[in-house]
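A short worksheet on the structure shown next.
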Amino acid sequence: MEAVAVAGGGAGLTGWQAAALSAVAGWVWAASSFDLTRRSRALVQPWVTRRVLAETPSIVRFQKVHHKLLDSFFSVLSCVVSVPFYTGFLPLLFWSGHSKLARQMTLLMAFCDYLGNSVKDAVSAPRPSSPPVRRVTATEDEKENAMEYGLPSSHALNTVCLMGYLLHYVLTYGSHDNVMVVTGLSLAFLLVMLVGIGRIYLGMHSLIDVIAGICFGVVILAFWLAVHNHVDAFVVSGQNVTTFWASLSLLLCFAYPKPEFPTPSFEYHTAFNGVAFGIVYGIQQTYFHFHNPDVPLIFSPQLPLIVFVGRVLVGIPTILVVKFCSKALSKWLLPVMCNTLGIPIVSTCYVPALKASEKCKDKSDAKQGGYLQKVFSLFPQKAYDVDTGIRFVQYASLAWSVVDLVPAIFTHLSL
């Protein structure tokens, strides 16, 4: 394809890449100019809210059948199908030799997380009110989930997509018969149903949230199964992969809808956006060294269990050190870069010195200047939360270390 020059850089984007980025940028401009988020919310939110309120008495009656064992079972099940659990499991999948499955599930999770949380914050529909609903939040992760909006259920959406893709992968690349197909489909269906029932039992969602999560999950899964081979081919051998993905990651931050009230959803998106970029960048750089189809698989003579355990014992501390160091470095470096380039910034958490008052912000805005500030003024924010960049960098660094730095250490140590 004919290359299209990137403004301000020496790299070139192909025609479809430029068109994709232009479409996202156009959506950002249109959504801001025509207030599309507020308009769509005004249409959908009242109906969803009425459904949640109408279902509340039914949830209360359903929760009358409760027991500590059921509380524990559904709480554990929610943890097992949660994003933090999958995130912790993915490095092990990479290091066990199943790189294609691991990178596909990582990108699919990032896709699900972005779309699911975007719909949550765009609609801004409430969860079932507690009280009268009994809400069980056994972990800190669940307590943070309870601070998000309700529709759709992320647990239901992610379970449909990830279990569906895992089943597709096993049936595609492994030997199977009709009994295995029926068994796999039955187990996936059972897990989705248990997760949906559990979210209602725990008081985290109403029925409409769960149904919406399942429906969104089916649509996303069908789309992903249609494009996943093209995405994987682009990641491992495409042109301008890093430039395109970095540009897309930046635009997706601006394209994310603003909720009615702040929630942790955008923070989750930023973290997974960083993970996706780190994985893509690392795979692109080291595919033929560490992630090609010929790498040994766990339980093979080349990668026995004891060697895999050694990889885990070396790899986990390494990626945690990388995450800590990248966070510390970006907390110092990003504010300096933004101030140098004239980009107005604030910090809600990571940099106490930037937790300025409105008066200070006005003075800061008045002092900021330059070409980049004029460019950023095209977007809706007056000042940008540098915590978003810090969070992105630390999770991108962590993901990069999983697929690049740590495998290099394994090679050096003959693991």
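The values are calculated or read from the model by the stated rules, or taken from the named source; none is laboratory data. Source: prediction; values computed, not measured. Cβ coordinates were reconstructed from backbone atoms using ideal geometry, including for glycine residues, and neighbour counts include every protein chain displayed. Accessible surface is based on the protein model in full, side chains and every heavy atom, while ligands, DNA and RNA are left aside. Shrake-Rupley method; radii C 1.70, N 1.55, O 1.52, S 1.80 Å.
In the range 295-311, which residues are assigned to a helix (DSSP H, G or I) and loosely packed, with under 14 Cβ neighbours inside 10 Å?
Keep residues of the range 295-311 that are assigned to a helix (DSSP H, G or I), which gives 305-311.
Selection gives Leu305, Ile306, Val309.
Out of everything in the range 142-186 that is open to solvent by less than 40 Å² (accessible area, probe 1.4 Å) and at pLDDT below 85, what residue ends up being nearest to the chain's Cα centre (by Cα)?
The residue in question is Asn145.
Report yes if Lys331 is under 21 Å from the mean Cα position of the chain (by Cα) and not aromatic (Phe, Trp, Tyr), otherwise no. Spell out the reasoning first.
Numbers: under 21 Å from the mean Cα position of the chain (by Cα): no; not aromatic (Phe, Trp, Tyr): yes.
Here the answer is no, as Lys331 does not meet what is asked.
Looking at Val24, Val60, which one is under 20 Å from the mean Cα position of the chain (by Cα), more than 30 Å from Ala408 (Cα to Cα) and either hydroxyl-bearing (Ser, Thr, Tyr) or modelled with pLDDT of 90 or more (or both)? Full working, then the answer.
Numbers: Val60 fails: under 20 Å from the mean Cα position of the chain (by Cα).
Just one listed residue meets the conditions, Val24.
Only one of (1) under 25 Å from Thr37 (Cβ atoms); (2) not in a helix (DSSP H, G or I) is not met by Asp209, so which one is it?
Condition (2) is where Asp209 drops out.
Filter the range 219-242 down to the residues that are open to solvent by 80 Å² or more (accessible area, probe 1.4 Å) and either within 16 Å of Thr106 (Cβ to Cβ) or in a helix (DSSP H, G or I) (or both) and list them by number. Full working, then the answer.
Residues of the range 219-242 open to solvent by 80 Å² or more (accessible area, probe 1.4 Å): 219, 223, 229-230, 237, 239.
Once the filter is applied, which keeps residues that are open to solvent by 80 Å² or more (accessible area, probe 1.4 Å) and either within 16 Å of Thr106 (Cβ to Cβ) or in a helix (DSSP H, G or I) (or both), the range 219-242 yields Val219, Phe223, Asn229, His230, Ser237.
Among the residues that make up the range 254-272, is at least one of them without any contact (Cβ under 8 Å) to a residue 12 or more places away in the chain, more than 30 Å from Cys349 (Cβ to Cβ) and open to solvent by 30 Å² or more (accessible area, probe 1.4 Å)? Write out each step before concluding.
First, the residues of the range 254-272 that are without any contact (Cβ under 8 Å) to a residue 12 or more places away in the chain: 262.
Still in the list and also more than 30 Å from Cys349 (Cβ to Cβ): none.
No, because not a single residue in the range 254-272 is without any contact (Cβ under 8 Å) to a residue 12 or more places away in the chain, more than 30 Å from Cys349 (Cβ to Cβ) and open to solvent by 30 Å² or more (accessible area, probe 1.4 Å).
Which of the residues that make up the range 219-250 are of a type in the set (Ser, Thr, Tyr) and either modelled with pLDDT under 90 or closer than 23 Å to Ser154 by Cα (or both)?
Answer for the range 219-250, where residues must be of a type in the set (Ser, Thr, Tyr) and either modelled with pLDDT under 90 or closer than 23 Å to Ser154 by Cα (or both): Ser237, Ser249.
So that you can scan it fast, the table gives a plain yes or no per residue for (1) in a loop (DSSP other than H, G, I, E, B); (2) in contact with a Leu (Cβ under 6 Å, 6 or more places away or on another chain); (3) polar (S, T, N, Q):
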site	(1), (2), (3)
Gly116	no, yes, no
Val119	no, no, no
Ala122	no, no, no
Pro126	yes, no, no
Ala138	yes, no, no
Glu142	no, no, no
Glu148	yes, no, no
Leu157	no, no, no
Gly164	no, yes, no
